[in-house]
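Below is one structure, written out as structure tokens, with a few remarks after it.
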Amino acid sequence: MLAVKNLDVVYEDVVLVLKNVTLQVPAGAIVALLGANGAGKTTVLRAITGLLDVHRGSITRGGITLDDEPLHHLDAPGTVAAGVGQVMEGRRIFTELTVEENLRIGGHAADRRSVAVGLERAYTLFPVLAERRRQVAGYLSGGEQQMLAIGRALMSRPRYLLLDEPSLGLAPRLVQHIKDLIVEINRQGTGVLLVEQNASMALSIASHGYVMETGKVVMDAPAEVLRANDDIREFYLGLSEERAVSFRDVKHYRRRKRWLS
Amino acid sequence: MTELISSGLVRGMGIGSTYALLAVGFVIIYRATGVINFAQPALMILGAYATSVFATGVGMPFPVAVLAAMAVLAAVGMATERVALRPMVGRQPFAAAMVTVGVLTVLFVVAHRLIGTQVRTVGDPWGLERASLFGVSVAQVDLAKIVVSLVAIGAVGLFLARSRLGLAMRATSMDQEVALAQGVNVGRMFSLAWGISAALAALAGMLVGTSAGGFEAITALVALKALPVIIVGGLDSIKGAVYAGLLIGIAEALTRTYQPRYAEWLGANVDVVVPYVIMIVVLAFRPYGLFGTREVERV
Ligand SMILES: Nc1ncnc2c1ncn2[C@@H]1O[C@H](COP(=O)(O)OP(=O)(O)O)[C@@H](O)[C@H]1O
Ligand SMILES: [Mg+2]
């Protein structure tokens with residue numbers, strides 16, 4: 001079980017962005033973490049994976065445990081070694097390295113044998129990557145880059161995989177594909193914390209979901225409850241008073257609409 | 001023709017390959033940490049001193065003495081990074097570069113104490129022997145400089161391109177946060193960059209020390225030639241450092257050979273200015289150097 005308990009996070013010693021966040025990812029489960037832009041989802045992932053200090057953030061209260069062992073005192077490489085892998089927001093692949101080098105760096109802390117096994121597994125899960133193993137990763141399409149980012153994260157054989165908006169910017173067909181891959185990775189024994197703005201996609205595969213708003217968890221329920229919840233439908237649809245006048249409003253409208261699309 | 005090859009090209013490449021060694025050291029630290037390491041001249045002269053102690057003082061066989069000096073300097077480089085530079089992580093690159101100027105001062109004072117005022121030698125591994133290259137007689141010391149430098153740089157290049165740690169270093173230089181998230185201990189990569197770079201500086205120091213006349217503390221200033229070299233080659237390019245090093249070395253040697261004869265009115269020591277002239281010309285046409293990447297930020 002990966003557990004976040006009563007977590008407060010502050011950036012730059014002043015901006016309190018997470019307030020009393022509590023959530024759990026049971027071993028082998030898929031858990032969705034939903035919320036609008038700026039709600040604090042990425043910050044939760046940074047806290048779990050030891051990347052807060054890169055952003056001048058710190059945990060001021062609460063903590064994180066992995067199978068009841070504290071995780072929050074570890075640095076980023078420490079959390080990887082402990083069994084937590086992540087796919088960062090925006091994919092963040094090394095565009096100047098080849099596909100295979102990107103995968104290998106994901107297995108940096110693993111031994112030679114597991115790197116070989118990991119490459120094999122990645123190329124089986126993502127045959128497109130096998131075809132392009134020697135190509136510079138910057139030339140991959142958005143969907144392929146997302147697959148590479150997922151493959152890279154799997155190289156350390158994580159027991160828990162954190163995914164930050166993997167469907168962002170992808171065409172519906174690719175979103176479907178990524179969704180199937182997440183289900184398959186989970187089936188092979190990895191617990192998944194799936195951060196999404198695409199609520200319908202996330203809730204369709206998750207067993208449990210959390211909804212965040214301005215740094216707080218405002219809903220915490222089994223996925224089917226959230227799927228049926230009128231508040232969620234209404235809130236994330238939110239079409240009634242919206243008037244698509246400016247370009248910004250159009251984008252806003254689309255984003256909200258995506259929640260149930 | 002003979003003179004062109006032996007005093008111009010070969011000698012120039014000899015000097016230039018030493019510049020290239022130093023420049024590659026700059027590039028490796030710059031790429032890993034974003035900092036220009038102005039302490040390189042002090043590391044170089046300490047390397048010459050260490051080689052001198054091991055080879056002529058302790059009496060080790062010359063190659064062993066060189067490797068020992070490189071190892072000692074690698075340790076000095078890593079310690080410097082840990083103590084002086086690590087606390088600067090996340091600060092302005094300019095501030096960190098200024099810290100390296102401080103390190104330069106401290107290490108140079110140490111070097112001055114150790115070396116004293118007299119001229120030292122690292123021994124005389126190559127002597128004044130001449131070798132024949134395609135029928136032209138050239139100084140063996142020049143060939144040795146070229147071979148030793150290029151082999152060392154080639155080895156570093158291979159390490160970066162092929163090894164697990166080399167890949168981690170390259171990844172770190174591209175995106176530190178993502179490297180961290182893959183389990184790379186980024187601090188260790190900084191340390192490694194300083195270690196490699198200081199070892200290369202030590203090797204350059206040894207080569208400079210084998211020149212006729214030996215070396216003294218002030219010989220450290222030779223390493224400043226690596227600055228125009230990295231600007232010409234591009235701050236972030238190892239290939240650039242090698243080509244620019246050779247280019248500037250050859251230009252310098254040609255000037256030294258022919259300028260007194262054909263352009264005497266320019267006066268003495270024109271060859272010293274040549275690297276900077278080349279730098280200014282290159283900057284006018286290619287602001288990022290011959291091989292540099294566009295988005296490199298100047299410090
Ligand atoms: N490095 C930072 N310094 C200060 N504030 C930040 C930093 N990173 C994010 N924030 C703020 O924290 C809040 C949560 O951001 P984030 O965790 O990225 O949300 P989400 O991933 O849900 O969009 C936002 O208001 C954002 O502006
Ligand atoms: Mg986010």
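Bear in mind these aren't lab numbers, they're just calculated from the coordinates by the rules spelled out. Note that this is a predicted model, so its numbers are computed, not measured. Don't worry about glycine lacking a Cβ; one is built from the backbone with ideal geometry, like all the others, and counts go over all protein chains shown.
Some points to look at:
- Separation of the B:V273 and B:S137 label points, Cα + 7 Å toward Cβ, nm: 3.5 nm
- Choice from B:V156, B:V24, B:V242 with maximal GNM fluctuation in chain B (Cα, 10 Å cutoff): B:V156
- Charge dipole (debye, nearest 20) of the protein assembly as shown; +1 at Cβ of Lys and Arg, -1 at Cβ of Asp and Glu: 480 debye
- Unit charges on C-beta of K, R, D, E only; dipole of segment B:2-222, Debye: 460 debye
- 3J(HN,Hα) couplings calculated from phi for segment A:109-121 with the Karplus curve 6.51 cos²θ - 1.76 cosθ + 1.60 (θ = phi - 60°) are, in sequence order, 8, 7, 7, 3, 4, 5, 5, 4, 4, x, 4, 4, 5 Hz; Gly and Pro show x.
- Segment A:84-157 - convex hull of alpha carbons, volume per residue in Å³: 74 Å³
- Just so you know, the averaged projected area of the alpha carbon convex hull for chain A sits at 14.2 nm².
- Cα-based shape type of the protein assembly as shown, given that a ≥ b ≥ c are square roots of the gyration tensor eigenvalues and the cut on a/c is 1.5: prolate
- Fewest-first ranking of B:Y243, B:Y30, using other Cβ atoms within 10 Å as the exposure measure: B:Y243, B:Y30
- D (Stokes-Einstein, µm²/s), Kirkwood Cα radius, segment A:1-66, 1.567 mPa s at 4 °C: 107 µm²/s
- Structure-based [θ]222 nm, chain A - -39500 (n - 2.57) summed over DSSP H runs of at least 4, per residue, nearest 500: -11500 deg cm²/dmol
- Note on segment A:84-157: with charges restricted to the Cβ of Lys and Arg (+1) and Asp and Glu (-1), its dipole about the Cα centre is near 180 debye.
- Distant-in-sequence amide contacts of A:L71, defined by a placed amide H-H separation under 5 Å and a gap of 5 or more residues or a different chain, comprise A:I64, A:T65, A:L66.
- Taken one residue at a time, the phi angles of segment A:125-138 give Karplus couplings (6.51, -1.76, 1.60, θ = phi - 60°) of 5, 10, x, 4, 5, 4, 5, 10, 4, 8, 7, 5, 5, x Hz. Gly and Pro are set to x.
- Segment A:D67-A:S207, extension gain: residue separation times 0.36 nm, minus the distance between their alpha carbons: 48.5 nm
- Across peptide A:99-109, the mean count of Cβ atoms from other chains lying within 10 Å of each residue's own Cβ comes to 4.
- Working note: Karplus 6.51/-1.76/1.60 with θ = phi - 60° gives segment B:214-228 the couplings x, 9, 10, 4, 5, 4, 3, 4, 3, 5, 5, 4, 5, 5, x Hz, where Gly and Pro are set to x.
- Share, in percent, of DSSP beta bridges within the protein assembly as shown that are antiparallel, nearest 5: 60 percent
- Lysine pairs with alpha-carbon atoms under 24 Å apart, the protein assembly as shown, spacing 8 or more or separate chains: 15
- Dipole of chain B [Lys/Arg +1, Asp/Glu -1 at C-beta], most positive-end residue of B:L133, B:A65, B:Q176: B:Q176
- Listed residue (A:V31, A:A202, A:L71) projecting farthest to the positive dipole end of chain A, Cβ model: A:A202
- Mean residue ellipticity at 222 nm, helices only, chain B: -21500 deg cm²/dmol; runs of at least 4 DSSP H residues each add -39,500 (n - 2.57), and the sum is divided by the number of residues.
- Net +/- balance of residues flanking B:S191 in space, Cβ distance below 9 Å, scoring K and R +1, D and E -1: +2
- Taken over the Cα atoms of segment B:183-299, the convex hull encloses 140 Å³ per residue.
- Computed on segment B:45-133, with alpha-carbon pairs under 8 angstrom and 6+ residues apart, the relative contact order is 40 percent.
- Overall form of segment B:75-175 per C-alpha gyration tensor (a/c, 1.5; a/b vs b/c): oblate
- Here the spin labels are modelled as points 7 Å beyond Cα on the Cα-Cβ line, and at A:E224 and A:Q188 they lie 2.9 nm apart.
- Three-way shape call for segment B:2-222 based on the alpha-carbon gyration tensor, with the a/c threshold at 1.5: prolate
- Under 5 Å between amide hydrogens, built in the peptide plane, is the criterion, and for A:A221 it picks out A:G209 among residues at least 5 positions away or on other chains.
- Pairwise label distance in nanometres, B:T56 with B:A155, each label 7 Å out on the Cα-Cβ vector: 2.4 nm
- Looking at segment A:31-115, the trypsin sites (Lys or Arg not before Pro) that sit in a DSSP loop and have at most 15 other Cβ atoms within 10 Å of their own Cβ are A:R56.
- Rounded FRET efficiency, nearest 0.05, which uses the C-beta distance separating A:R134 from A:R157 and R0 of 35 Å: 0.90
- Value of relative contact order over chain B, rounded to a whole percent, pairs C-alpha under 8 Å and six or more apart: 35 percent
- Candidates B:I248, B:I15, B:I218, ranked by Gaussian network fluctuation over chain B, Cα under 10 Å, top entry: B:I218
- Dipole axis of chain B (+1 Lys, Arg; -1 Asp, Glu on Cβ), positive-most option in B:G209, B:T2, B:L85: B:L85
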